[in-house]
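Below is one structure, written out as structure tokens, with a few remarks after it.
Readers should treat all values here as calculations from the given coordinates under stated rules, not as data from a laboratory. Every value quoted in this text rests on a predicted model; they were computed, and no experiment measured them. Using ideal geometry, Cβ is built from the backbone for each residue, glycine included, and neighbour counts are taken over all protein chains shown.
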Amino acid sequence: MNAPSLQTAEAPAISRRRIIQGAAWAAPAIVLATSAPAAASSGDTGETCDTANNGALATLTATAWSVAEGELRQEVGGTTQSGWTPSTDGDLNNWNLGGGTGTSGAAGFQSMSDNTQDDAWTVVTVGYTFEAVANTTYQIEFTARTQHGFHNAARSARQSVVLSAIDTSGTTDLVKMSVDHDGAALPSNNRTDADMVALGYEMQLASPQTSEGEASSDDFTTYTAYYNAMDSGTVTLQYTFTLEAVYEIGTTLDSNWEVSESARQVSDDIWVQKPQVMQSGCF
């Protein structure tokens, strides 16, 4: 498909805070406030909110992930690049930049594959479901890490991710994030950092590569949003990854790196945790 035309919009106000992510270190965090009760869940069961359950965690079930549009270069050198991270508790420990970590299990998700197209975008969707209770506000939180393909902002094409809640009333975007390119050149049909900010995306800095490929506290950002369930029933939380068109094969990027016909074009990388859903109150 042709790349969608660029859109502009005013970014919503966002407040920032820091929270503890695990015992060892604190990750920067972004809190996104939602407006009035957002939506109705599917299949109302007649349950109502109980404040005694404030602080309780919902059980999430991973449904599936798929390439909704376009094409992915999914395997490089025999290593699977995109898929579920190995375990819920071990997500952060397994996110290094040394390659794919496998597709067994269904916890967090790593979108490390490259778009194969220089004239179209590729879209990957990842789903989880939970059972919502009527008149309940849920706090939804996840941690993310980003990286430029080949650790080179001037060679890597843009990737972004949106976390949405889907129910009978439609789709509500909760978090929108993209990889910060810090002013570096991008393929001509990619959105710029300024475009993304105008559309309400948070720009996350790419992780620096280390010799061991391990992460530090500065490599992770925690995002928090709130969802209001009007009715009881199933809600789907969906990550939508958009990989914009890569550089045209044969393009000279700069005086130090000329891309040949055989060179592999690359996209940004994004890792996300399985969302955590907690009842935060009744309305």
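Taking the Cβ of Ser188 as the center, what net charge do the other residues with Cβ under 14 Å away carry, scoring Lys and Arg +1 and Asp and Glu -1?
Local net charge: -3.
Between Phe283 and Asp182, what is the label-to-label distance in nm when each label sits 7 Å out along the Cα-to-Cβ direction?
A separation of 3.9 nm, rounded to one decimal place.
What ranking do 185-195, 171-181 get when scored by the average of other Cβ atoms within 10 Å per residue, highest first?
Output ranking for 185-195, 171-181: 171-181, 185-195.
What does the extension gain come out to for Ala68 and Val197, with contour length at 0.36 nm per residue minus their alpha carbon separation?
44.0 nm
Which translational diffusion coefficient, to the nearest whole µm²/s, is obtained for the stretch 123-248 from the Stokes-Einstein equation, given a Kirkwood hydrodynamic radius over C-alpha pairs, 4 °C and 1.567 mPa s?
81
For the peptides 231-239, 137-145, what is the packing order when you average, over each peptide's residues, the other Cβ atoms within 10 Å and list the highest mean first?
137-145, 231-239
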